[in-house]
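Note sheet for the following structure.
Every number in this text was worked out from the coordinates using simple rules, so none of it is lab data. The structure presented is a predicted model; accordingly, all values stated were derived computationally and were not measured. All Cβ positions, glycine included, derive from the backbone under ideal geometry; neighbour counts span all protein chains shown.
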Amino acid sequence: MGKTILVADDEPAVLRSLEFILKKEGYRVLTAVNGQEAYDQASANLPDLVLLDVQMPRMDGNQVCRQLRDTPASSNLYIIMITAKGQESDRVNSMESGANEYITKPFSPRKVIARVKEILGE
C-alpha cells in the first residue's frame with residue numbers, strides 16, 4: 001500500500017467516489033462521515049493527506065482543521081478542504097482555520113488525483 005489519505009465527507013456519493021479513485025491509484029484510504037470521526041481518524045493514524053468536507057455533522061471541517069492544527073502530533077498534516085461553499089469568505093475562513101488548500105464541489109476527480117500526487121511527490 002502507498003501513502004495514507006483520510007477522506008472525510010458526509011455525502012456518501014462523494015466519499016465513495018474519492019475512496020474508489022484513490023484506492024485505484026494505490027493509496028490506503030481511511031474514511032470518516034462526520035467531523036468528530038475525521039478528527040479521531042486523523043489523530044490516530046496521522047495520514048499523509050486529509051481531504052476534508054467543510055459542512056459535516058458533529059463538528060464542521062473548519063473546527064476539525066483548527067483542532068488538528070492545535071495538536072502537536074497532527075499540526076503539520078496537509079489538509080485540503082472540499083466544499084460546496086464557493087464564496088470567497090468561506091475560502092478565507094477555511095484558510096484561516098489552517099487549511100492548505102480549498103477545492104469547491106463539483107470537482108474533477110482526475111484533477112484531485114493529479115493534485116494529490118503533486119502534493120505527495122508522486
TODO: Give me the distance between the Cα centres of region 1-74 and region 99-122, rounded to whole Å.
DONE: 14 Å
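Full-extension gain between Lys105 and Ile119, please, as 0.36 nm times their residue separation minus the C-alpha to C-alpha distance.
Difference between extended and current length: 3.1 nm.
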Open item on the list: On a straight-distance basis, which aspartates and glutamates could pair with Lys85 in a cross-link, Cα separation under 16 angstrom, same-chain partners fewer than 8 positions away excluded?
Closed with: Asp9, Asp10, Glu11, Asp53, Asp60, Glu96, Glu101
Task: Dipole in debye (nearest 20) - region 4-119, about Cα centre, beta carbon charges: Lys, Arg +1; Asp, Glu -1 - done: 400 debye
Task: Dipole axis of region 4-119 (+1 Lys, Arg; -1 Asp, Glu on Cβ), positive-most option in Ala73, Gln63, Asn45 - done: Asn45
TODO: Subtracting the Cα-Cα distance from 0.36 nm times the residue separation, let me have the gained length for Glu11 to Leu46 in nm, one decimal.
DONE: 10.3 nm
Task: Label-point separation in nm, Arg58 to Lys24, each point 7 Å along Cα→Cβ - done: 2.9 nm
